[in-house]
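The values are calculated or read from the model by the stated rules, or taken from the named source; none is laboratory data. It should be emphasised that the depicted structure is a prediction, and the values quoted were computed from it without experimental measurement. Backbone-built Cβ (ideal geometry, glycine too); neighbour counts: all protein chains shown. For accessibility, only protein heavy atoms count, side chains too; no ligands or nucleic acids. Shrake-Rupley method; radii C 1.70, N 1.55, O 1.52, S 1.80 Å.
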Amino acid sequence: MGKVTGFKEFDRKTEDYRPVELRVKDYGEVFTSTHNAEHLQEQGARCMDCGVPFCQSENGCPVDNLIPEWNDLIYHDKWQEALIRLHKTNNFPEFTGRVCPAPCEGSCVLGLNNPAVTIKNIEQAIVDKGFEEGWIQPYQVAYRTGKKVAIVGSGPAGLAAADELNKLGHNAVVFERTNRIGGLLMYGIPNMKLDKDVVNRRVNLLKSSGVEFIANVDVGRDISTKQLQKDFDAIIFTTGSTQGRDLSVDNRDAHGVHLAMEYLTKSTQSLLDTGSADNSDLSAKGKDVIVIGGGDTGTDCIGTALRQGAKSIVNFELMGKPPIERSDTNPWPLWPLIYRVDYGHAEVAQVFGADPRQYHLMTKSFIKDKNGKVMGLNTINVDFKEGQLIEIEGSEKTWDTQLVLLSMGFVSPEHYLSDDADITLDERGNYQANYGEYTTSQKGIFTAGDCRRGQSLVVWAINEGRGVAAQVNQYLA
Ligand SMILES: Cc1cc2nc3c(=O)[nH]c(=O)nc-3n(C[C@H](O)[C@H](O)[C@H](O)COP(=O)(O)OP(=O)(O)OC[C@H]3O[C@@H](n4cnc5c(N)ncnc54)[C@H](O)[C@@H]3O)c2cc1C
Ligand code: SF4
């Protein structure tokens, strides 16, 4: 335990983001680029090493990060040892340290009657220092088994599986259908939340350590599963949950109504190809933007549209505003279902003077102009009574908009690959495989990540990537 009285002496203080007025002018990360070691050591000293560290339990960190151990180590200024502990459980702490919603903090024992320990900030600082100091280098694999594993999809689940299998001496080959490696870490989560150089840095480390990457190959279309079965000893599908939930209302075909992922992907592509995200043909520049649906995806659309120069931004939520504090039905150590202000909300509030979120709103139809372009949409207010959605008569409203982004979650993976591989789907349309086993209905084909569990988190994808690698290793033994 860092400092016995640390939690009494020091208040929780998270690292500041860059000031809004500066960060909205660029696509750089919202985080400050330097960490204050003294401040973080003090924050680490707040960890009580409470004996039953719920932060590492089922409700806390999905990769079971050894949180009290590294808190203690950084308190004692042993950053390199802290990094070794961190890498024992987490292949990519530089991703989770930036984008994880930190369920660990929601279940921190200190959080029972005090603000939780600043776990996520400390994680990011440890790994950032590791890179700065040159402590993170490609590794040598001492022994090669001669077994080959094809991994389809290069998101965090595929990358974690590849890293683990490579360390075990197997030849891991990652196939990716887009032109860049990283899955949603690359095309999805925008640069201001996760700089693409941070993604490329890890991919390059994996390459130098022996993982092979093949981009621009769509498995199930460009190459068949049968071919992979001939060429490899095992196959893992980590293809993500890529089918966005659509909104079938009148005039959905209007130009300017897009699924969030079409917009976010094009914006990042444009940023990486030309240096400017608003060069994309879907740019929000000068437009009244409406984002339908919240969550991380909705916030990322808001943050991107703001940087592209949107004229106005509104975000519709079907549900009501969450409570400021936990409700009685949502006790510690569960994930707190409370009102949060994410980076995009704070930015819009400062730039336009009000939080973009509008609650209890349902979109009834889009309005097209004579050229088929969206020029508005119609809504009605809704409420929930005994679990039933009720439309409130007389609350109809028309909104001006020239760009609508649909961010209502994801349904499942697309199904051309599962058809090609002839694997069974579960009742939600995901590839069927039990958690912890990861075996599909076809021998030698495994699956992990969002395509198996449904849309989730980067940290869960890493957990599943590690888990599926262990199962494949046993299968190959
Ligand atoms: C906009 C957005 C923001 C998010 N923000 C956060 C966040 O802040 N924090 C967080 O923890 N989580 C966030 N998430 C969720 C997180 O990104 C996902 O849970 C995670 O990336 C899932 O990892 P995965 O490896 O299972 O799949 P993915 O990251 O989706 O990767 C799947 C990859 O497989 C490829 N692929 C699919 N089919 C084929 C095929 N047939 N052949 C070859 N390649 C194929 C895809 O192109 C893709 O690159 C966000 C998600 C979105 C959409
Ligand atoms: S990966 Fe997420 S849950 Fe785990 S310690 Fe880091 S921030 Fe917390």
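Please find, within the stretch 49-83, the residue that is farthest from Glu464 (Cα to Cα) out of those that are crowded, with 17+ Cβ neighbours inside 10 Å and away from ligand 2 (no atom under 12 Å from the Cβ).
The qualifying residue farthest from Glu464 (Cα to Cα) is Tyr75.
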Checklist entry - Restricting attention to the stretch 84-139, which residues are of a type in the set (D, E, K, R) and open to solvent by less than 10 Å² (accessible area, probe 1.4 Å)? => result Glu94
Next on the checklist: Just to be sure before I move on: is Glu58 charged (D, E, K, R) and part of a loop (DSSP other than H, G, I, E, B) in the structure I sent?
Outcome noted: yes
Item to check | Options Ala354, Ala349, Ala305; residue that is within 26 Å of Asp26 (Cα to Cα), outside any loop (DSSP other than H, G, I, E, B) and out of contact with any strand residue (DSSP E or B) (no Cβ under 9 Å at 6 or more places or on another chain) | outcome: Ala349
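What residue, among those in the stretch 380-413 that are of a type in the set (Val, Ile, Thr) and in a strand (DSSP E or B), is most open to solvent (accessible area, probe 1.4 Å)?
Only one residue tops the list, namely Thr398.
Report yes if Gly293 is in the same structural domain as Ile390 (by TED's automatic domain parsing) and either within 14 Å of ligand 1 (Cβ to nearest atom) or open to solvent by less than 20 Å² (accessible area, probe 1.4 Å) (or both), otherwise no.
yes
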Checklist entry - Hey, does the stretch 269-279 have a residue that's open to solvent by less than 40 Å² (accessible area, probe 1.4 Å), without any contact (Cβ under 8 Å) to a residue 24 or more places away in the chain and away from ligand 1 (no atom under 14 Å from the Cβ)? => result yes
Next on the checklist: Condition check: in a helix (DSSP H, G or I), at pLDDT 95 or above and surrounded by fewer than 24 Cβ atoms within 10 Å (Cβ to Cβ). Does Tyr475 satisfy that?
Outcome noted: yes
